[in-house]
Amino acid sequence: MLKRYIILDNKIVESKDELAPVYVYVNPDEYEKKFLIEELKIDEHTLNSSLDPDELSRLEFEPEHLALIIKRPKNYSGKDFLLFKTTSQGMFLFSDKLVVVLYDDINIFEGKHFAKVKSVKDLMLKIIFGAVYHFLEHLKIFNTISDELEKKVNTSMGNKYLINLFTLEKSLVYYLNAINSNSLVFEKLKYYTQKIGIIEEDIELLDDLIIENTQCYRQSDIYSNILASLMDARASIVSNNINLLMKTLNIITILIMVPTLVVSAFSMNVKIPLSGHPYAFYIIMGFASISVLSVVLLWKRMKW
């Protein structure tokens, strides 16, 4: 699917003009791929890498354009069960146009940083900034979900919430790899600013972008370490909760077994004392009650 955009009054506006400077391809079909490869001279391997969610970020210089692949968070749905994944995004910068290739249909022009767009190069940097901002937004969600799961794990004896924590930790590993892969490309972009033709004002945006990405990586690393350390602690809590439950069940079992033993002794089919006593029942129940009370006092004295 192809969408065309123009820069009108420093804003991105969708257009049907075939000469529009910004092309966005969402999961292009074979005909669209053929056009990109044959007409725009985009390398077929690089194009396919833009649609591969496992591809690493990279920057390449072609004779007629700049090829850039970055990582960004994949759109999350309830079917993912707290597993956040990353996807790849390809951008091909020509002298007069920008071609963006995506696997999923997402709004890449969302955010206040798109309020003022000066050129296709400036737009490319702001799209990258949007990807970094998307990572930061997901990390806030990670933190909120993690806090909720921790509260539930403290009162739960099952594995459900521990598995959810493990899934979040797995997601953070994906994010750490993606953010680190992006950081290498961003540094390379900064190194080749003159070759690419990035103006001074956009260099400041690139510097801000690198700083935000570094903070994003550190934040992901902190969350990952916290979750990793909490997993063992939460597993111990679940085990301790089970031990407490078993202890309570054992107490109840013993309290039932002791009077049962007393009553059973007086219920044997042999001649026993008090068999003809009019208050035998009450005497036996008194012995049973005394036995229960004795066990309770012993339990408290031994501090079990």
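Quick note: the coordinates plus some simple rules give every number you see, no bench work behind them. Computed from a predicted model, the values in this text were never measured in an experiment. Here Cβ is always computed from backbone atoms with ideal geometry, including for glycine, and neighbour counts include all displayed protein chains.
The table for this structure:
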{"item": "Helix-only CD estimate at 222 nm, as mean residue ellipticity for the chain, using -39500 (n - 2.57) per DSSP H run (n ≥ 4)", "result": "-20500 deg cm²/dmol"}
{"item": "Cut-off under 5 Å, modelled amide H: who pairs with TYR103 long-range", "result": "ASN27"}
{"item": "Local electrostatic count at TYR223 - Lys and Arg +1, Asp and Glu -1, tallied over other residues with Cβ under 12 Å", "result": "-1"}
{"item": "Packing-based exposure ordering (other Cβ within 10 Å, fewest first) of VAL13, VAL101, VAL258", "result": "VAL13, VAL258, VAL101"}
{"item": "Of LYS34/LYS116; LYS34/LYS112; LYS33/LYS71; LYS16/LYS188; LYS118/LYS190, pairs whose Cα-Cα distance is over 24 Å", "result": "LYS34/LYS116; LYS34/LYS112; LYS16/LYS188"}
{"item": "Rel. contact order, % - alpha carbon contacts under 8 angstrom, at least six apart, the chain", "result": "15"}
{"item": "Label-to-label distance, nm, for residues given as ALA228 and SER15 (7 Å Cα→Cβ offset)", "result": "5.0"}
{"item": "Cα-centred dipole magnitude for the chain, charges only on beta-carbon of K, R (+1) and D, E (-1), debye, nearest 20", "result": "2540"}
{"item": "FRET efficiency estimate (nearest 0.05) - Cβ-Cβ, ASN240 to PHE35, R0 51 angstrom", "result": "0.20"}
{"item": "Extension gain from SER264 to ILE6, taking 0.36 nm per residue of separation minus the Cα-Cα distance", "result": "83.7 nm"}
{"item": "Protection proxy ranking of 120-129, 25-34 - average other beta-carbon atoms within 10 Å, highest first", "result": "120-129, 25-34"}
{"item": "Label point distance in nm, LEU298-ASN177, each placed 7 Å from Cα along Cα→Cβ", "result": "5.9"}
{"item": "Charge dipole (the chain, unit charges on Cβ, about Cα centre) - positive-most of LEU293, GLN215, ALA20", "result": "LEU293"}
{"item": "Reciprocal mean inverse distance between Cα atoms of the chain - Kirkwood radius, Å", "result": "24.3"}
{"item": "Share antiparallel - DSSP beta bridges, the stretch 2-240, percent rounded to 5", "result": "85"}
{"item": "Separation in nanometres of the label points that stand 7 Å from Cα toward Cβ, at LYS188 and LYS151", "result": "4.5"}
{"item": "Dipole of the stretch 1-153, positive end: most advanced residue of MET91, VAL101, ALA115 [Cβ charges, Cα centre]", "result": "ALA115"}
{"item": "Ranked MET91, MET257, MET231, criterion: other C-beta atoms within 10 Å, fewest first", "result": "MET257, MET231, MET91"}
{"item": "Proxy reagent accessibility, fewest Cβ within 10 Å first, across LYS41, LYS195, LYS74, LYS3", "result": "LYS195, LYS41, LYS3, LYS74"}
{"item": "For the stretch 1-87: rounded, prolate or oblate by the Cα gyration tensor [a/c cutoff 1.5]", "result": "oblate"}
